[in-house]
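Peer 1: My questions all concern the structure below.
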Amino acid sequence: MQINPEGNPKRRRCMLGIIGAMEEEVASFKEKMEIQEVRTIAGMEFCRGICENQPVIIVRSGIGKVNAAVCTQILCDVFQAEVIINTGVAGSLKNAINIGDIVLSVDALQHDMDATGFGYEPGVIPRMETSVFKADDALVDLAERVCREVNPDIQVFRGRVVSGDQFVSDHVVKERLIRLFGGYCTEMEGASIAQAAWLNGIPFIVIRAISDKADGSAEMDYSEFEMKAIEHTVRLVTGMLRNM
Ligand code: ADE
């Protein structure tokens, strides 16, 4: 995908699908957009319209990899999305990444894919060309630059997002994700969105604000810091739209 860092007004505007994991986050985007159409498919409400002068579809996928993958496929098939942005919160897998900071996906994989009984490494999807889905470099560059501008008070990291149908709140599980996969953060949708985008040949980025440390304190921290984390991602994604 071509993204002009100066923001080229003559560039063809492409249809962006924005998937938020939670209602609170989707609600903030909806407030900022001019909604032209609302369609419910597979129980998900897809809002098509304009946000920061960009054509967008914003949708809450629901939690977990199946919801997120179905949602991504609908964005591709029904709405002809050409770029997918996934935002939400995540648990940190690195000491240096604090609550409120942002992780931008370099790539994403599913930590709960397990065909080790067949001799595959953990996380490897049998009979697929790849199990590590690479995000679009131009989107990651843009997100990093915009994040430093609009969220100067927090840190932004580029790293691997590891996803699974599991809320990680145990340090043993956390250590395994670090040791086996080198994850920067863990959540429950990103890699399935990445895989669906890859299967459809469209660029994607996963943008996650840290709500907890994915250990014994995760449940309490999550409730306390979720809204603050969401503020950072909403500010970042709207900033990206302005710069596309
Ligand atoms: N989303 C936010 N925090 C998370 C965690 N600790 N595990 C999985 N998903 C999350």
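Bear in mind these aren't lab numbers, they're just calculated from the coordinates by the rules spelled out. Here the structure is a predicted model, which is why all the values come from computation and not from measurement. Every residue, glycine as well, gets a Cβ built from its backbone with ideal geometry; the counts of neighbours run over all protein chains shown.
Peer 1: Take the residues of segment 87-142 that are within 13 Å of the ligand (Cβ to nearest atom) and among the hydroxyl-bearing types (Ser, Thr, Tyr): which is nearest to residue 220 (Cα to Cα)?
Peer 2: 92
Peer 1: To continue, here is another question. Just to be sure, is residue 65 in contact with a helix residue (DSSP H, G or I) (Cβ under 7 Å, 6 or more places away or on another chain) and of a type in the set (Lys, Arg)?
Peer 2: Numbers: in contact with a helix residue (DSSP H, G or I) (Cβ under 7 Å, 6 or more places away or on another chain): yes; of a type in the set (Lys, Arg): yes.
Yes; evaluated as a whole, the condition is true for this residue.
Peer 1: Given (1) farther than 19 Å from residue 136 by Cβ; (2) assigned to a strand (DSSP E or B); (3) acidic (Asp, Glu), where does residue 107 come up short, assuming only one miss?
Peer 2: Condition not satisfied by residue 107: (1).
Peer 1: Taking segment 20-37 on its own, how many of its residues are of a type in the set (A, V, I, L, M, F, W, C) and under 9 Å from residue 51 (Cβ atoms)? Write out each step before concluding.
Peer 2: Step one: list which residues in segment 20-37 are of a type in the set (A, V, I, L, M, F, W, C), which gives 21-22, 26-27, 29, 33, 35.
Now drop any that are not under 9 Å from residue 51 (Cβ atoms), which leaves 29, 33.
Matching residues across segment 20-37 total 2.
Peer 1: In the set 168, 173, 162, which member is within 13 Å of the ligand (Cβ to nearest atom), aliphatic (A, V, I, L, M), within 23 Å of residue 21 (Cβ to Cβ) and in a loop (DSSP other than H, G, I, E, B)?
Peer 2: Details: 173 fails: in a loop (DSSP other than H, G, I, E, B); 162 fails: in a loop (DSSP other than H, G, I, E, B).
Sole residue among the options that is within 13 Å of the ligand (Cβ to nearest atom), aliphatic (A, V, I, L, M), within 23 Å of residue 21 (Cβ to Cβ) and in a loop (DSSP other than H, G, I, E, B): 168.
Peer 1: Something else about it: State yes or no: is residue 84 more than 16 Å from the ligand (Cβ to nearest atom), touching a Cys at 6+ places or on another chain (Cβ under 9 Å), within 30 Å of residue 179 (Cβ to Cβ) and in contact (Cβ under 8 Å) with a residue 12 or more places away in the chain? If you could, list the steps in order and put the result at the bottom.
Peer 2: On the way: more than 16 Å from the ligand (Cβ to nearest atom): yes; touching a Cys at 6+ places or on another chain (Cβ under 9 Å): yes; within 30 Å of residue 179 (Cβ to Cβ): yes; in contact (Cβ under 8 Å) with a residue 12 or more places away in the chain: yes.
So residue 84 passes the test.
One line per residue, one yes/no per condition, for (1) crowded, with 22+ Cβ neighbours inside 10 Å; (2) of a type in the set (Ser, Thr, Tyr); (3) within 25 Å of residue 224 (Cα to Cα); (4) touching a residue at least 12 places away in the same chain (Cβ under 8 Å):
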| position | (1), (2), (3), (4) |
| --- | --- |
| 15 | no, no, no, yes |
| 41 | no, no, no, yes |
| 62 | no, no, yes, yes |
| 66 | no, no, no, yes |
| 105 | yes, yes, yes, yes |
| 110 | yes, no, no, yes |
| 117 | no, no, no, no |
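Peer 1: Can you name the number of the only condition in (1) of a type outside the set (Ser, Thr, Tyr); (2) without any contact (Cβ under 8 Å) to a residue 60 or more places away in the chain; (3) touching a helix residue (DSSP H, G or I) at 6+ places or on another chain (Cβ under 9 Å) that residue 207 fails?
Peer 2: Failing condition for residue 207: (2).
Peer 1: When you scan segment 182-197, do you find a residue that is free of Cβ contacts under 8 Å to residues at least 24 places away in the same chain and either within 16 Å of the ligand (Cβ to nearest atom) or in contact with a Leu (Cβ under 9 Å, 6 or more places away or on another chain) (or both), even just one?
Peer 2: Applying the first criterion (free of Cβ contacts under 8 Å to residues at least 24 places away in the same chain) to segment 182-197 yields 182.
Pick out the ones that are also either within 16 Å of the ligand (Cβ to nearest atom) or in contact with a Leu (Cβ under 9 Å, 6 or more places away or on another chain) (or both) and you get 182.
Within segment 182-197 (the criterion being free of Cβ contacts under 8 Å to residues at least 24 places away in the same chain and either within 16 Å of the ligand (Cβ to nearest atom) or in contact with a Leu (Cβ under 9 Å, 6 or more places away or on another chain) (or both)), the answer is yes, since at least one residue qualifies.
Peer 1: Right, next: I'd like to check something: does segment 136-146 contain any residue that is part of a helix (DSSP H, G or I), among the small types (Gly, Ala, Ser) and at negative phi? Lay out the reasoning, then the answer.
Peer 2: So in segment 136-146, the residues part of a helix (DSSP H, G or I) come out as 137-146.
Keeping just the survivors that are among the small types (Gly, Ala, Ser) gives 138, 143.
Narrowing the set further to residues that are at negative phi leaves 138, 143.
Yes, some residue in segment 136-146 is part of a helix (DSSP H, G or I), among the small types (Gly, Ala, Ser) and at negative phi.
Peer 1: A follow-up question, please. For residue 226, all conditions in the list (1) within 11 Å of the ligand (Cβ to nearest atom); (2) outside any helix (DSSP H, G or I); (3) within 17 Å of the chain's Cα centre (by Cα) hold save one; what is the number of the exception?
Peer 2: That leaves (2) as the condition not met.
Let's see how each residue does on (1) under 21 Å from residue 164 (Cβ atoms); (2) of a type outside the set (Lys, Arg):
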site: 199; (1), (2): yes, yes
site: 208; (1), (2): yes, no
site: 213; (1), (2): yes, no
site: 235; (1), (2): no, no
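Peer 1: Within segment 16-34, is even one residue assigned to a loop (DSSP other than H, G, I, E, B) and over 21 Å from residue 142 (Cβ atoms)? It would help to see each step written out before you state the result.
Peer 2: Keep residues of segment 16-34 that are assigned to a loop (DSSP other than H, G, I, E, B), which gives 21-22, 33.
Right, trim to over 21 Å from residue 142 (Cβ atoms) and you get 21-22.
Yes, there is a match, as at least one residue in segment 16-34 is assigned to a loop (DSSP other than H, G, I, E, B) and over 21 Å from residue 142 (Cβ atoms).
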